[in-house]
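Scroll down for the structure; my scribbles are underneath it.
The values are calculated or read from the model by the stated rules, or taken from the named source; none is laboratory data. Worth saying up front: this structure is predicted, and the values here are computed from it rather than measured. Methodologically, a virtual Cβ is constructed for each residue, glycine included, from the backbone with ideal geometry; neighbour enumeration extends over all protein chains shown. What goes into the accessible areas is simple: the full protein's heavy atoms, side chains included, and nothing from ligands, DNA or RNA. Shrake-Rupley method; radii C 1.70, N 1.55, O 1.52, S 1.80 Å.
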Amino acid sequence: MQDLRNIVILTGAGISAESGIATFRGPGGLWEGHRVEDVCTPEALAADPELVHRFYDLRRAALAGVEPNAAHHALARLDAAWPGELLIVTQNVDDLHERAGATRMLHMHGELRSALCAVCGAREPWAGSLPEGAICGACGSAALRPDIVFFGEMPYQMERIEAALAQADLFVSIGTSGAVYPAAGFVQTAAYHGAATLELNLDPSMGSVFFEETRIGAAGVLVPAWVNEVLGR
Ligand code: APR
Ligand code: ZN
């Protein structure tokens, strides 16, 4: 492996699949007959807040019953041991990376366990029930919403992500279909800046064509093996 210092890792729903969290576009990718794309939108929140809140309350409740899997633990081990720069960018809104111990990470699509005030932008832990008129602790507005990036909204921390991609020596994508931008374009940005690119996924993805190497298999098997490789173990 070339002189490897800076690693950027993108994770998607596939890294949490072995923990029992359904992916979006695999079998069972619908929810109550709705396409996810129809529920996770500002319009849906305005038109039917109860439906949208129920969708997230159910997903949040499901978190209590799942655990990080071997892939999350392997990335946390890499995070703790890696001497260079490392950033885990997750598209997932679950907290499994954190619960495995990852620290150098960010949620570009938001987090189930966080509420966002649509008026002042303050964030607070989601109390865990439908926030009828949930009042923002910072400004008092009844404007709390799920701290989730809806379709059509700008993902979080894009400047930080783009800066990391520009410095990366290696970009690794784990468990994502490459169906949603801007995340699906990160491999091309990293490659443009000279990074090596590796995809670890259960199936070939829409982005596979852009990767130097694609390894097909379950994240729970491929990720620990790859981390051992990188740590020279
Ligand atoms: N190990 C590795 N990869 C897996 C596994 C597994 N056990 N199970 C499924 N996968 C792969 C699938 O092959 C698929 O390519 O994970 C990918 C999941 O793709 P999606 O369901 O499209 O999820 P994701 O790519 O994270 O979606 C991106 O779309 O719906 C929006 O905001 C939502 O963050 C999400 C974004
Ligand atoms: Zn507020």
*residue 107 is checked against (1) in contact with a helix residue (DSSP H, G or I) (Cβ under 9 Å, 6 or more places away or on another chain); (2) modelled with pLDDT under 95; (3) within 16 Å of ligand 1 (Cβ to nearest atom) and fails just one. What number does that condition carry?*
(2)
*Mind telling me which of the residues 149, 227 ends up being over 18 Å from the mean Cα position of the chain (by Cα), of a type in the set (A, V, I, L, M, F, W, C) and open to solvent by less than 30 Å² (accessible area, probe 1.4 Å)?*
227
*Name the pairs: first residue in segment 42-67 and at positive phi, second residue surrounded by 14 or more Cβ atoms within 10 Å (Cβ to Cβ), Cβ to Cβ under 8 Å, at least 6 apart or on different chains?*
none
*asked:* Any residue in segment 134-151 that is more than 16 Å from residue 110 (Cβ to Cβ) sitting within a Cβ distance under 6 Å of a residue that is more than 12 Å from ligand 2 (Cβ to nearest atom)? List the pairs, counting only those 6 or more apart or interchain.
replied: 142/133
*asked:* Can you confirm whether residue 194 is open to solvent by less than 20 Å² (accessible area, probe 1.4 Å), more than 16 Å from ligand 2 (Cβ to nearest atom), assigned to a loop (DSSP other than H, G, I, E, B) and not charged (D, E, K, R)?
replied: no
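Which of the residues that make up segment 154-174 are outside any loop (DSSP other than H, G, I, E, B) and among the polar types (S, T, N, Q)? Steps first, answer last, please.
At the first step, the residues of segment 154-174 found to be outside any loop (DSSP other than H, G, I, E, B) are 158-167, 170-174.
If the condition is that a residue be outside any loop (DSSP other than H, G, I, E, B) and among the polar types (S, T, N, Q), then 167, 173 are the ones that fit.
Would you be able to tell me the number of residues in segment 112-125 that are in a loop (DSSP other than H, G, I, E, B) and either open to solvent by 30 Å² or more (accessible area, probe 1.4 Å) or not assigned by the TED database to the domain that holds residue 45 (or both)?
To start, the set of residues in segment 112-125 that are in a loop (DSSP other than H, G, I, E, B) comprises 118-122.
With either open to solvent by 30 Å² or more (accessible area, probe 1.4 Å) or not assigned by the TED database to the domain that holds residue 45 (or both) added as a condition, the list becomes 118-121.
Of the residues in that region, 4 qualify.
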